[in-house]
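What follows draws every value from the coordinates through simple rules; no lab data is involved. Quick caveat: nothing in here was measured; it's all calculated off a predicted structure. Positions of Cβ are generated from backbone atoms using ideal geometry, with glycine treated the same way; all protein chains shown enter the neighbour counts.
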Amino acid sequence: MIVCTNREDILRIVEEAKAVSKSIGFVPTMGALHQGHISLVEKSLKQNNITIVSIFINPKQFNQSEDFEKYPRTLNKDIEILKKSGCSIVFVPSYEQVYQDSSSIEVNLDGLDTVLEGKFRKGHFQGVVDVVYRLFKIVSPNRAYFGKKDYQQLLIIKKMIDYFDFNIEIVPCEIIREPDGLALSSRNTRLSSTERDNTKVISEALFEAKKIYRNNQVNIVKNFVQNKIEQNNFLSCEYVEICDPDTLKPCSSKQKALNKILLTAVYCGKVRLIDNILLDSE
Ligand code: PAF
């Protein structure tokens with residue numbers, strides 16, 4: 001496995017690969033890798049000749065400096081995990097290597113960036129677009145892999161691809177969960193063991209909403225989820241929303257919840273966790 005810190009090295013490797021028609025799969029990450037990331041890498045390994053993983057903690061997408069400072073940094077461990085996964089190349093750029101200019105990338109996101117995470121984390125998605133656009137320009141992948149846990153991010157990246165007419169296939173990947181249902185996230189490592197035990201209520205509420213309440217009206221499902229989560233003293237919801245799965249436009253309270261997506265952000269102490277579930281009948 002090659003570890004590159006220099007964008008010129010990646011540009012050269014990509015050019016050589018493309019010259020002999022090798023396909024490139026790309027998994028952008030901020031490190032602190034877990035099985036969720038590895039599932040993206042494994043999918044990319046199956047579908048491409050070369051898999052490039054980037055590890056870059058992008059300061060522009062953190063709306064709170066404390067969240068940026070506390071974000072887990074485990075580079076050596078990440079590199080070992082990637083070696084074992086069979087990944088070909090890891091790109092670990094400095095800030096200067098990514099941001100050679102400071103301009104913001106302007107994309108019409110059709111309101112996808114103003115709801116849910118966009119409402120509570122001002123500037124977050126602009127930061128994501130700014131970094132992913134630049135990484136795509138360096139890596140020029142045929143396919144790029146994004147987890148459905150960050151569902152809004154996934155739709156925004158798809159929108160950016162359409163907007164710039166990039167020839168990149170965005171491959172959505174399923175949420176990977178702990179045995180008790182908690183969605184894997186790098187932030188989970190910041191939970192104390194008592195907090196960690198209590199966070200299972202989040203996915204329990206989501207699964208129950210899908211199984212028992214999906215044929216009900218939106219307000220009934222939202223109230224059920226919010227009450228179930230907040231009955232736990234460790235948890236408080238920043239939002240529980242049911243939206244159209246393509247546009248993320250919030251549904252009105254009297255609409256049926258079936259086939260809509262339920263998304264939530266929940267604080268457990270100082271740690272903010274997100275999760276979502278499609279309220280379909282599968
Ligand atoms: O999902 C993430 O880890 C980040 O938002 C991404 C896509 C790597 C951009 O920094």
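Each residue in the stretch 164-202 was checked for being farther than 20 Å from LEU154 by Cα, part of a helix (DSSP H, G or I) and of a type outside the set (Asp, Glu), and 10 of them qualify. Pairs meeting the criteria (first residue in the stretch 226-255 and assigned to a helix (DSSP H, G or I), second residue of a type in the set (Val, Ile, Thr), beta carbons under 8 Å, at least 6 apart or on different chains) are GLN226/VAL240; LYS228/VAL201; ILE229/VAL201; ILE229/ILE202; ILE229/VAL240; ILE229/THR264; ILE229/VAL266. Pairs meeting the criteria (first residue in the stretch 11-30 and closer than 22 Å to ILE55 by Cβ and touching a residue at least 60 places away in the same chain (Cβ under 8 Å), second residue among the hydroxyl-bearing types (Ser, Thr, Tyr) and within 16 Å of the ligand (Cβ to nearest atom), beta carbons under 6 Å, at least 6 apart or on different chains) are GLY25/SER44; GLY25/THR51; VAL27/SER44; VAL27/TYR145; PRO28/SER54. Against the conditions (1) within 11 Å of the ligand (Cβ to nearest atom); (2) touching a residue at least 60 places away in the same chain (Cβ under 8 Å), ARG134 satisfies every one except (2).
Does any residue of the stretch 61-69 turn out to be within 15 Å of the ligand (Cβ to nearest atom), of a type outside the set (Phe, Trp, Tyr) and closer than 24 Å to ASP246 by Cβ? The answer is yes, given that some residue of the stretch 61-69 is within 15 Å of the ligand (Cβ to nearest atom), of a type outside the set (Phe, Trp, Tyr) and closer than 24 Å to ASP246 by Cβ.
Here are ILE57, ILE10: which of them is more than 12 Å from the ligand (Cβ to nearest atom) and over 18 Å from GLU169 (Cβ atoms)? Full working, then the answer.
On the way: ILE57 fails: more than 12 Å from the ligand (Cβ to nearest atom).
Sole residue among the options that is more than 12 Å from the ligand (Cβ to nearest atom) and over 18 Å from GLU169 (Cβ atoms): ILE10.
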